[in-house]
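Beneath this line is the structure, given in structure tokens, with notes to follow.
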Amino acid sequence: MPFRRAPGWPAVLSDGPVLLRPYRRSDAAAWSEVRCANRDWLAPWESSLPGDWHELNSPATFRWMHRDQRRSARTGEGMPFAVCLHENGQERLVGHINVGNIVRRAFCSGYVGYWVDRRVAGRGVIPTAMALVVDHAFGPGGLHRVEVNIRPENRPSRRVVEKLGFREEAYHARYMHIDGAWRDHIGYAMTSEEVAAEGGLLARWHRLRARTA
Ligand SMILES: CC(C)(COP(=O)(O)OP(=O)(O)OC[C@H]1O[C@@H](n2cnc3c(N)ncnc32)[C@H](O)[C@@H]1OP(=O)(O)O)[C@@H](O)C(=O)NCCC(=O)NCCS
């Protein structure tokens, strides 16, 4: 039975210049611009969809996706956040992070997916977003476990989860249809007990950054 109000949704989360918030209808043009500017950067890691990249990432597609994501957020099956950066007094949409396929009851588990604009890659935006989302999912979101599945070739994405201390726990052969073929994925996971003693994943990430700064 759907929730009257899904646990932990809607929410706005932030740390420094990184802001996560629900998408708005007015994000259509900015979302489409970022997606179109990042075709070569994103296509190797995303599910295969028939059609032209620009059409698949048009403002009209955004409006369809937005409706779908709002429905899944309302029913407690997803937590889709726009990833924004606050710089020079401006908020700029630079990426996406979602806890999807949420199963509750005895699982209380979901999968995290993400991407960021190449123009701001390497600045720790997604590790920060991930830490915010995981702490939120384990707290108000009511989840106990999050999983991330990554192609072995995707070194930057594997660095994100490895830095944050996700456990590598599975190898999924021919797991998903990505960029035109069935691709193997490495399965990473984390449960709430693994970060509770440290005051959460964001606290762990801050300590790690301070050590490497
Ligand atoms: C994976 C991704 C989300 C990482 O986000 P991010 O905010 O750049 O994360 P980080 O800043 O922690 O950088 C992660 C790694 O990317 C690499 N990197 C750094 N700067 C980079 C740049 N300018 N360009 C490419 N890779 C870079 C480094 O290996 C870095 O690891 P390090 O901290 O050990 O040096 C981003 O690379 C991306 O969107 N890639 C395309 C889509 C994708 O792969 N999505 C995930 C599918 S599972």
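The values are calculated or read from the model by the stated rules, or taken from the named source; none is laboratory data. Remember, it's a predicted structure, so these values are computed and weren't measured experimentally. In this analysis, Cβ positions are derived from the backbone assuming ideal geometry, glycine residues included, and neighbour counts consider all displayed protein chains. Heads up: the accessible areas ignore ligands, DNA and RNA and are worked out on the full protein's heavy atoms, side chains in. Shrake-Rupley method; radii C 1.70, N 1.55, O 1.52, S 1.80 Å.
Side notes on the structure shown:
- Residue in the stretch 127-139 that is under 17 Å from Gly187 (Cβ atoms) and surrounded by fewer than 20 Cβ atoms within 10 Å (Cβ to Cβ) present: no
- Of the residues Val18, Val34, the single one that is surrounded by 13 or more Cβ atoms within 10 Å (Cβ to Cβ), within 15 Å of the chain's Cα centre (by Cα) and under 14 Å from Gly95 (Cβ atoms) is Val18.
- Matching residues in the stretch 37-74 - criterion: being in a loop (DSSP other than H, G, I, E, B), open to solvent by 30 Å² or more (accessible area, probe 1.4 Å) and within 16 Å of the ligand (Cβ to nearest atom): Glu46, Ser48, Leu49
- Of the listed requirements (1) open to solvent by less than 10 Å² (accessible area, probe 1.4 Å); (2) at pLDDT below 95, Gly89 misses just one: (1).
- All positions within the stretch 163-179 that are open to solvent by 60 Å² or more (accessible area, probe 1.4 Å) and either touching a residue at least 12 places away in the same chain (Cβ under 8 Å) or aromatic (Phe, Trp, Tyr) (or both): Lys163, Arg167, Glu168, Glu169, Tyr171, Tyr175, Met176, His177, Asp179
- Qualifying residue in the stretch 102-115 (condition: open to solvent by 40 Å² or more (accessible area, probe 1.4 Å) and within 13 Å of the ligand (Cβ to nearest atom)): yes
- Looking only at the stretch 123-175, and only at residues there that are of a type in the set (Ser, Thr, Tyr) and under 12 Å from the mean Cα position of the chain (by Cα), the one that is farthest from the ligand (Cβ to nearest atom): Thr128
- Filter result for Val94 (touching a strand residue (DSSP E or B) at 6+ places or on another chain (Cβ under 7 Å), among the β-branched types (Val, Ile, Thr) and within 11 Å of the ligand (Cβ to nearest atom)): yes
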